[in-house]
Amino acid sequence: MPIGKWAGYALFAALLAISVLTYLREQNAPQITEAAPVPEISEDAQRSTPTDAKSVPIGSGFDFYVLALSWSPSYCAAEGAKANRQQCSSGRPYGFVVHGLWPQYEQGYPEDCDTTGPRDVPYALAKQLSDIMPSVGLVTYEWRKHGACSGLSQQDYFAVMRSAVDRVSIPGAYRQPTARPQVNPLVIEQAFISANPGMPKAGVAVTCDRDYLREVRICLTKDLNFRACPEVDRSSCRQRAVAMPAAQ
């Protein structure tokens, strides 16, 4: 066979061997893929994340908390001329506000506990809470009756109160104190459960009087995670239609 043909075959074989080796090298190389984008976390999803126990002061001498959120226009309408002016005067459109953060036993609750701390709340501290608890007098009353039973200092107790408020998402339909027809308390309860993943049905109670929807009471562990509370749940309103007035 002519030398030229042997050279052609040799060159073809060399090129084929290089191609095979390149293919095998590519198959054995680690695969690099584009990182998936990190999804954004919505505000409500952030609220539903269980609270880190180290992030809030932990109280003592009780089993859990009840965060009582009062529908401010109901309080103002029911009390009339006797209502607190800081909360109910014209131009103060409050919706849900904090009535209190109450230490609870599994059955019953402590109140008016002895404390080595001050019984009065400094005005400057009370005013810091005005966006969630607009009555300075109520701040002092709640500290004396309930906060002093938490095993916490005033500063820590009110810090836990604010963290508890941040933990709970108010359903969008009830964030503004606007006019609305009569409501079914069970609808309000379900709205809170839907807006707060992990909140058990037996961990929230909507209360009322004869005329008005008054409060939503939410049970929280000492580190502010949702929990059931059968005794509190039994205080739920039994009426099927009550007024939920607008701010005046």
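Brief remarks follow.
- As a fraction of the 1.4 Å probe accessible area of the range 133-248, surface on carbon and sulfur atoms comes out at 52 percent.
- Per residue, the accessible area of the range 134-247 comes to 41 Å² when a 1.4 Å probe rolls over the protein heavy atoms.
- Mean Cα-pair separation over length for the range 120-248, i.e. relative contact order, pairs under 8 Å, 6 or more apart, %: 23
- Gap separating the Cα centres of the range 210-248 and the range 163-198, nearest whole Å: 10
The values are calculated or read from the model by the stated rules, or taken from the named source; none is laboratory data. Being a predicted model, the structure only gives us computed values, none of them experimental. Ligands, DNA and RNA are stripped out before the accessible areas are found, and what is left, the full protein with its side chains, is counted by its heavy atoms. Shrake-Rupley method; radii C 1.70, N 1.55, O 1.52, S 1.80 Å.
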